Amino acid sequence: MRLEPRILMQLSGVLHLRDGKFFASCFGHRVPDDLLAAVTVHGAATNKATAGFASPSRSQASMPVEIEHWDDEPPADGDWDTVLRTQLCVDTSGSIEWFSPSTEEPGGPGDVVEFPVARGWYEVEAAARHAGDGADTWRIRMWSSDEYGPDLKEIGEIALLAR
């Protein structure tokens, strides 16, 4: 008998967006230029140490978000206007920070939403319902992935470059 997947932890927050992009990392708030470009082109991208997403609503300044950690791949539920998916490795801190990077402000990324998770490799899905006029709501779901087992040495090297 297979049990249905369930939510292990859930958190609500607000991300303050810059250029419609938001990221998750446990290695700080610096986002390499090539990852920023990949997120712009593809909507979602990762360099393993940082996962990024681009909202189609570039004018939205504050984005309500629900973050969910599941014990297995969650079931599909409802209609979402945008669904983006990538991977993320949590190597050291035991938590990830969701943020929108700042290239212009010396104060850093602005508000950060911290989400505790165990060390490991995760699938990350970001889904949005578009309300128009920059009033989108997002749901982020994460679950462990054995398919993409982490190369921790490589992740450590990427993390050093991100600092």
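The values are calculated or read from the model by the stated rules, or taken from the named source; none is laboratory data. Owing to the predicted nature of the structure, the values given are computational and were not obtained by experimental measurement. Note that each Cβ is placed from the backbone with ideal geometry, even for glycine, and that neighbours are counted across all protein chains shown. These accessible areas exclude ligands, DNA and RNA; they are computed on the full protein's heavy atoms, side chains included. Shrake-Rupley method; radii C 1.70, N 1.55, O 1.52, S 1.80 Å.
Give me the net charge of Phe23's neighbourhood, meaning all other residues with Cβ under 11 Å from the Cβ of Phe23; Lys, Arg count +1, Asp, Glu -1.
The answer is +2.
Highest first, please rank the peptides 75-81, 44-50 by the mean number of other Cβ atoms sitting within 10 Å of their residues.
On the way: 75-81: 9.9, 44-50: 21.7.
Output ranking for 75-81, 44-50: 44-50, 75-81.
Considering only protein heavy atoms, what is the solvent-accessible area of Leu35 at a probe of 1.4 Å, reported in Å² to the nearest 10?
Surface open to solvent at Leu35 totals about 10 Å².
Probe radius 1.4 Å, ligands and nucleic acids left out: which of Leu3, Leu11 has the largest accessible area, and how do the rest follow?
Values: Leu3 125, Leu11 55 Å².
Sorted descending by solvent-accessible area, the residues read Leu3, Leu11.
So, R0 is 22 Å and r is the distance between the beta-carbons of Trp80 and Ala135; what FRET efficiency does that work out to, to 0.05?
Here the calculated transfer efficiency is 0.90.
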